[in-house]
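First the structure, in the form of structure tokens, and then the observations on it.
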Amino acid sequence: MRAVNRKLLRDIMSHKGQVAAISVVIGSGIMVLILFATILDAINLSKDKFYQSHNFAHVFSEVKRAPETLTARISQIPGINVVETRIQAPLRIDVQGFKDPIQGMIYSIPEGRQPGLNRLYLRQGSLPEPGYSNQVVVSEPFAQAHNLMPGHTLQAIIKGRLETLTITGVALSPEHVYQLGPADLIPDYQRYGLFWMNRRALAGAFGMQGAFNSVAVTVQSGANLKTVINDLDLILKPYGGTGAIERKDQISNRFLQEEINQLKIMAVVLPAIFLGVSAFLLNILMNRIVRTQRQQIAVLKAFGYSNLDINLHYIALTCLIAAIGAILGVALGAWAADSIAGLYAEYFRFPEMSFRLQAGTIVMAVAIAFTTGILGTFKGVMNAARQPPAQAMRPPAPERFSKGIIEKSFMGRLLDQPGKIILRNISRHRFKTSMSMLGIALSGSLLLLGTYQFGSVNHMLDIQYRFIQKMDIQLFFNDQVSQKARAELLAMPGVLYVETFRSVPIRLSHGQNSYRTSITGLEPKPQLRAVLGADLKQVDLPPQGLVITDYLADYLKVVPGDLLNVEIMEGNRRTLDLELAGTVDEPIGINAYMNIQALNRIMREGPAISGAWLLTDRSEHSELYARLWDIPAVAGVGLVSRVEANIREYIEDTVLIFMGVLLIMAGSITFAVIYNNARIAFAERIRELATLRVLGFTRAEVSWILIGEIALITILSIPLGWAIGIGFAHLLNLAMSTDLFRLPIILTPKIFAFSAGGVLLASTLSLILISTRLKRLDMVVALKTE
């Protein structure tokens, strides 16, 4: 074995504490990278396979009622490949033993066979038999939530009529990978279900014989989607078309793509932070190792080792540390990805979603670990190899000494000798001290980054469900009804207050930017559905003009006073310009608001409403549900408390679990950084500390010189860590803001205290370990060491 190889092993053993600490940092970065990359890969592969094998459509459009004869015209649009028309309608379901109201959506399929597009993946049973009018296939999540199987029956209200439906099969659909109700942000499998029925039976129930109200198409490769959509809209507009949408805007696919985009961000941002910290630590470690091994390097060069040999020796040391970290990170990443697989399988329903660790992901992670390590130590290694042997053999030039500002002051005269030594060492080695502070501050910033989202999530949901949405129940009607319905609802058992709304689908445009959403018409001073400004104060809706969320205003690049082009996608479709009257700050969803009377006017209708919000006495909910069940006009009943619970559960299952993993990793990094810093400081000053013991300093005084210096640097680094952590939080929040929700940055004293406490705890543990080394200090051996 060559001498440098034996030296490499000795260096690893003599610095095993630092090597272990840095390996943990590198392993944390690799773990996070593998975790998110594996999940991202699994979702993308499952999505592409399901969409392709079951013919997920490229374009979707809904109409009020269109004759089936239009199918031939639609198929002649240039670029269209396959056309599939169907009937879809809302319905209400009653499952025996379940008391809460259940909403659903039912779709037609060809008699006894699969549709050409959006084919069903049958988990159990079969499709409805041809000619049967009461047989349905039910979505798997709903079936699992209620323990339903083929052969079971359900009660349903279809177009105001009570029907008994028999389940023949349980299925998944590429159109509903993320199964959402009409007003939900998170799937509620117990209270929302999907159903498929033979077309002839569904057409008879809704009076849609020879007609359709929904169409899906696929387009040929290379076709212009915008042209296809414009041509399709032109054909369907006379029949109440609400505007075609691309696959990317289809609700299930949109939420799925938002999740994929967030995973991409997390797979880049978080590993970059962890691996950046590890590169910084490796740089500090290697520079200090090189500085303490000046004479060893000189001896090696004097015995004929070249600069390349020296470089390769230290690069090998770096690579060995990176390899240990990579092995640790790959193992932890594979375990974490497998553990979190169930979470994504719960919310995104694919026929098969396997989380397999790909060889390419491992190669990429290991390559990044080695590249990070080499880049972090390259400069120090090059400096070591360039030193001539004679220069390296000489000890470093003595430090120049002069009293600092603090020593000259009144405070300096109060310090004892160990205190003065601490201040002198810090002031003499300002760069080294600054780097130590920065390393500890970075670890503290990761603790803050892993903590702030817990409070931010609760604050976001408290704003949404304590200040904005104060209702208990949301009602949706099949069609627009008169405001007279308000009085009828107010007379029902347990109803304390009723507030109505009108919802109209629109496309907002300004310049080159456009966004599809809906206008919600509210009363001028809504009580149950508040519209709040940034200061959480109620915003009164003006008699004219739009009020939109500030997130949407930023996307459209508009400010109050600008004109917005509004394309109404319902009824007698029109396009008009409306003034932006103001913006509101809402953490969930992308919304536009308007005075309900002004909205009724631009729709050229009477006092129509689309739904209502109810404030109720919960003790009378059972009787209220029974009354609502008997009203044919009610398409769906939503429980706001259940929606809030679902969102909290989703965030706890996804965002907060990831933040919890980050917090654990940040805590281990904090200890690794501080322990690494303490070990290096001890190694550099062991001769000096032994000299002080010989000169008569007590063991406690000598220990305080080292421990006090580390403690002072740690305390000074805490505010810097807070500042860096706030910057990281802002960057992560900006990257993760989506249509679904935007987390506010809520930095409470508890978050800062937690970050500081973590740093101080890690520092205390590190100092306890260093104290044991100080107790075992052999003065004779230390004084012989250069």
With θ set to phi - 60° and the Karplus curve 6.51 cos²θ - 1.76 cosθ + 1.60, what are the ³J(HN,Hα) couplings of the stretch 108-122 in order, to the nearest whole Hz, using x for Gly and Pro? 8, 10, x, 3, x, 9, 6, x, x, 10, 6, 5, 8, 9, 7
Can you compute the equivalent ellipsoid semi-axes for the chain, i.e. the square root of 5 times each eigenvalue of the Cα gyration tensor, sorted largest first and rounded to whole Å? 65, 30, 23
Under a plain spin-label model, where a point goes 7 Å from the Cα along Cα-to-Cβ, how far apart in nm are GLN295 and GLU258? 6.6 nm
If you rank ILE746, ILE102 by how much accessible surface each has, with a 1.4 Å probe, what is the order from largest down? ILE746, ILE102
Put +1 on the Cβ of every Lys and Arg and -1 on every Asp and Glu Cβ in the chain; which of ALA729, ALA345, ALA89 then has its Cα farthest towards the positive end of the dipole? ALA729
Expressed in angstrom and rounded, the centroid-to-centroid distance over alpha carbons for the stretch 207-230 and the stretch 593-625 is 33 Å
Along the charge dipole of the chain, which of ILE251, GLN512, LEU767 sits closest to the positive end, that is, farthest toward it, with unit charges on the beta carbon of Lys, Arg, Asp and Glu (+1, +1, -1, -1)? LEU767
With all protein chains present, how much of the accessible area of the stretch 539-660 (probe radius 1.4 Å) comes from carbon and sulfur, to the nearest whole percent? 49 percent
Report ARG601's accessible area, 1.4 Å probe, all protein chains in place, as a number in Å² to the nearest 10. 130 Å²
Built amide H within the under 5 Å cut-off of ILE109, gap 5+: MET197, ASN198, ARG199
What is the pair-distance distribution P(r) of the stretch 59-124, computed from all Cα-Cα distances in 10 Å bins starting at 0, with each bin given as a whole percent? 14, 39, 30, 13, 4, 0
Report the local net charge at ALA534: Lys and Arg +1, Asp and Glu -1, summed over other residues whose C-beta lies under 14 Å from its C-beta. -3
Could you pull the Rg and Dmax for the stretch 100-234, using just the Cα atoms, both in Å? 15.9, 48
Reported to the nearest 10 Å², TYR107 has, with a 1.4 Å probe, an accessible area equal to 10 Å²
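Using helices alone, what [θ] at 222 nm do you get for the chain, with -39,500 (n - 2.57) per DSSP H run of 4 or more residues, divided over all residues and rounded to the nearest 500? Can you show the working numbers first?
Values: 24 runs with 415 residues, N = 786.
That comes out to -18000 deg cm²/dmol.
Of all trypsin sites (Lys or Arg not before Pro) in the stretch 458-559, which ones are in loop regions per DSSP and have a Cβ with at most 14 other Cβ atoms within 10 Å?
LYS484, LYS537, LYS557
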GluC sites (Glu not before Pro) in the stretch 52-87 lying in a DSSP loop, each with at most 15 other Cβ atoms within 10 Å of its Cβ, come to GLU68
Subtract the Cα-Cα distance of ARG773 and LEU312 from 0.36 nm times their separation in residues, and report this length gain in nm to one decimal. 162.8 nm
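Please compute the contact order of the chain in relative form: average sequence separation of alpha-carbon pairs under 8 Å and at least six residues apart, divided by the residue count, as a percent.
Taking the mean separation of contacting Cα pairs over the length of the chain, I get 18 percent.
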Solvent-accessible surface (1.4 angstrom probe) belonging to PHE752, in square angstrom, nearest 10: 50 Å²
In terms of solvent-accessible area of protein heavy atoms at a 1.4 angstrom probe, what is the ranking of VAL24, VAL547, VAL559, highest value first? VAL559, VAL24, VAL547
For HIS152, list long-range residues whose amide hydrogen, built 1.01 Å from N in the peptide plane, is under 5 Å from its own amide hydrogen. ILE167
Output ³J(HN,Hα) for the stretch 161-167: one whole-Hz value per residue in order, computed from phi by the Karplus curve 6.51 cos²θ - 1.76 cosθ + 1.60 with θ = phi - 60°, and x for Gly and Pro. 10, 7, 10, 9, 10, 9, 7
Mean-position separation - Cα centroids, the stretch 531-568 and the stretch 85-102, in angstrom: 35 Å
Label points 7 Å out from Cα along the Cβ direction at LEU532 and LEU496: separation in nm? 1.9 nm
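In what order, largest first, do SER737, SER14 sit by accessible area if the probe radius is 1.4 Å? If you can, show how the numbers build up before the last one.
Details: SER737 40, SER14 65 Å².
Sorted descending by solvent-accessible area, the residues read SER14, SER737.
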What share of the DSSP beta bridges in the stretch 542-619 is antiparallel, in percent to the nearest 5? 65 percent
Through the Karplus equation 6.51 cos²θ - 1.76 cosθ + 1.60, θ set to phi - 60°, convert the phi angles of the stretch 211-217 into ³J(HN,Hα) values in whole Hz; use x for Gly and Pro. 9, 8, 10, 8, 9, 10, 9
Could the peptides 313-324, 43-54 be put in order, highest first, of the mean number of other beta-carbon atoms found within 10 Å of their residues? 313-324, 43-54
Just to be sure I understand the rule: take each whole DSSP H helix in the chain, project its Cα atoms onto its long axis, keep it if the span is 15 Å or more and its mean Kyte-Doolittle hydropathy is at least -1.0. Which ones pass? 3-14, 16-53, 225-236, 251-292, 307-347, 359-386, 417-428, 430-462, 640-653, 655-694, 699-736, 749-775
What base-10 log of the normalised intensity I(q)/I(0) is obtained for the stretch 1-150 from the Debye formula, alpha carbons as equal point scatterers, at q = 0.10, 0.13, 0.16, 0.17 Å⁻¹? -0.62, -0.86, -1.14, -1.20
Using modelled backbone amide H atoms (1.01 Å from N, in-plane), which distant-in-sequence or interchain residues come within less than 5 Å of TYR189's amide H? none
So, for the stretch 137-206, what is the accessible surface per residue at a probe of 1.4 Å, expressed in square angstrom? 31 Å²
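The values are calculated or read from the model by the stated rules, or taken from the named source; none is laboratory data. Keep in mind that this is a model prediction, so the values were computed, not measured. We place every Cβ from the backbone using ideal geometry, glycine too, and count neighbours over all the protein chains shown. These area figures cover heavy atoms from the full protein model, side chains too; ligands, DNA and RNA do not enter into them. Shrake-Rupley method; radii C 1.70, N 1.55, O 1.52, S 1.80 Å.
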